[in-house]
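> Take this structure, written in structure tokens, and hold onto it; I'll ask about it next.
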Amino acid sequence: MMYKICFLLVMIIGVALTGCKTAESTLSIRQVRNFDPNAANHILFLDIKISKGKGKMETVELVNAVSGKGKLKNLTAPIHSPYRIHVIPRYLVDDMENALVFEHPLYKSVEVASEDGRLTKQNLNAKEAMLSVRIQNDNGLKKIELYSITPGKENIKIYTLNLE
């Protein structure tokens, strides 16, 4: 009987702890659709689903990954929203790590036209949304980390994509 109680206690604690754990998965680059081992440069196109979790953290899942040949151009637009996602590629060499900043897809601000023709900004809170990320697959890229940035909270790591 004591064994059953201890087992149940361990299971309950394990479930409680995994609710706070950052999501993590592994992607084999050579298995990604359209990957060409003979190409000199690769761009990874990642579609990531972000959902509001039951607790404080978002749940994150890699939905799609596609590779393309070429060099990524720096076409970043400034982000004005205080709700952001920072995507940080982690390399074997630390000085290559620069955060990519995206508007948080769960907290978007959109312009809406009223009946009198005026545009006003409204905040939309979604329960689930997609984030599309383009990242250069340079030598030494070992993982990609996502951080949720929201006002009044600390920066929280919500996902790690390990690359092999």
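The values are calculated or read from the model by the stated rules, or taken from the named source; none is laboratory data. Here the structure is a predicted model, which means the values were calculated and not measured. Every residue, glycine among them, receives a Cβ derived from its backbone with ideal geometry; neighbour counts consider all protein chains shown. Keep in mind that these areas ignore ligands, DNA and RNA; they rest on the heavy atoms of the full protein, side chains included. Shrake-Rupley method; radii C 1.70, N 1.55, O 1.52, S 1.80 Å.
> Quote to one decimal, in nm, the extra length available between LYS69 and ILE29 on full extension: 0.36 nm per residue of separation minus the C-alpha distance between them. Kindly include the intermediate steps, with their values, before the conclusion.
Working: separation 40, 0.36 × 40 = 14.40 nm, distance 1.31 nm.
Taking LYS69 through ILE29 to full extension adds about 13.1 nm, to one decimal.
> Taking only Cα atoms and a 10 Å spring cutoff, compute GNM fluctuations for the chain and point out the largest among SER81, SER114, SER67.
Looking only at SER81, SER114, SER67, the biggest GNM fluctuation is shown by SER114.
> So for the chain: antiparallel DSSP bridges make up what percent, rounded to the nearest 5? Numbers along the way, then the final one.
Numbers: 45 of 51 bridges.
Taking every DSSP beta bridge with both residues in the chain, the antiparallel ones total about 90 percent.
> Over the Cα atoms of the chain, how large are the radius of gyration and the largest Cα-Cα distance (Dmax), in Å?
Rg, Dmax (Cα atoms, Å): 19.6, 71.
> Let me ask another. Keeping all protein chains in position, work out how much accessible area MET57 exposes to a 1.4 Å probe, and write it in Å² to the nearest 10.
Surface open to solvent at MET57 totals about 40 Å².
> Treat each spin label as a single point 7 Å out from the Cα along the C-beta direction, and report the ALA39 to MET130 distance in nm.
1.9
> Using Cα pairs under 8 angstrom and six or more residues apart, how large is the relative contact order of the chain, in percent? Could the numbers behind the result be given before it?
Values: 306 pairs, mean separation 46.1, N = 164.
Across the chain, relative contact order equals 28 percent.
> While we're here: What size of dipole, in debye to the nearest 20, comes out for the chain about its Cα centre when the only charges are +1 on Lys and Arg C-beta atoms and -1 on Asp and Glu C-beta atoms?
Details: 22 positive and 17 negative charges, 62 e Å.
Roughly 300 debye, rounded to the nearest 20.
> In whole percent, and with a 1.4 Å probe on the protein chains, what portion of the accessible area of the chain is carbon and sulfur?
54
> When ligands, DNA and RNA are left out and all protein chains stay put, how many square angstrom of accessible area per residue does the stretch 38-99 have with a 1.4 Å probe? Don't skip to the end; give the middle numbers.
Working: 3960 Å² over 62 residues.
In whole numbers, the stretch 38-99 has 64 Å² accessible per residue.
> Name the most mobile residue of ARG90, ARG118, ARG33, meaning the one with the largest mean-square fluctuation, in a Gaussian network model of the chain with Cα contacts below 10 Å.
ARG118
> Now for a separate question. Starting from the amide H of SER109, placed 1.01 Å from N in the peptide plane, find each other amide H under 5 Å away whose residue is 5 or more places distant or on another chain.
Here LEU124 satisfy the definition.
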